[in-house]
Amino acid sequence: MKVRKTTTADVEAACVVLRRSITECCVEDHRNEPEVLSVWLRNKTPETIAGWFAVPENFSVVATSGEQIIGVGLLTAKGELALCYVLPEVRFTGVGKSLLHAMELHAVQAGLTGIHLSSTATAKAFYLRNGFTPSGAPEVEFGIQAFPLTKRIGANNRFQGTSAPPRRRP
């Protein structure tokens with residue numbers, strides 16, 4: 001598995017990753033309610049994703065296994081972790097942590113002092129394990145409960161990320 005910056009050729013596969021991850025991994029959040037799922041997936045289209053990748057200030061990455069895209073992440077210039085999704089079959093194998101690590105390193109290099117996000121209930125434990133802390137009351141986004149989380153990073157905050165991406169489990 002390797003993590004690299006996105007290209008325009010990655011849009012379709014990244015869209016599949018987002019939609020499958022939300023549909024199959026985040027059942028705790030959308031509860032298989034068609035209306036909630038529809039609202040959440042509404043902007044997860046190749047056209048929208050291409051627009052996100054094209055914003056010069058955004059830092060977007062994909063995780064690949066061979067030629068297959070198995071994860072996607074996006075960090076905005078203001079330190080918002082907007083995307084960190086993996087295919088269901090690679091969940092809990094270090095792919096998400098590798099994506100997160102790449103985005104944290106970019107944030108440090110960009111001079112950011114923190115990263116923030118709105119986590120799903122499904123992903124909340126992942127972010128807490130990786131140094132994020134709650135930063136506000138839960139909110140409702142896309143018809144689901146979202147948990148505001150932040151992580152301090154940078155030279156003045158002693159970067160809390162790992163020094164190297166995690167090793168894959170056999």
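Read-outs: derived from the displayed coordinates by stated rules, not from any lab. Everything numeric here is computed off the predicted structure, so don't read it as measured data. Glycine gets a Cβ as well: all are built from the backbone with ideal geometry, and neighbour counts include every protein chain shown.
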*Bin all alpha-carbon pair distances of the chain at 5 Å intervals from 0 and give each bin's fraction as a whole percent.*
1, 9, 18, 22, 22, 17, 8, 2, 0, 0
*Counting other beta carbons within 10 Å of each Cβ, put Lys5, Lys44 in order, fewest first.*
Lys5, Lys44
*q = 0.18, 0.23 Å⁻¹: log10 I(q)/I(0) that the Debye formula gives for the range 80-157, counting C-alpha atoms only*: -0.75, -1.14
*Cα→Cβ-extended label distance, 7 Å offset, between Ser38 and Ser135, nm*: 3.4
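Mind scanning Lys78/Lys124; Lys5/Lys97; Lys44/Lys97; Lys5/Lys124; Lys44/Lys124; Lys2/Lys97 and naming the pairs with a C-alpha gap bigger than 18 Å? Each step should come with its number before you reach the end.
Working: Lys78/Lys124 21 Å; Lys5/Lys97 16 Å; Lys44/Lys97 22 Å; Lys5/Lys124 25 Å; Lys44/Lys124 21 Å; Lys2/Lys97 12 Å.
Violating the 18 Å Cα-Cα cut-off are Lys78/Lys124; Lys44/Lys97; Lys5/Lys124; Lys44/Lys124.
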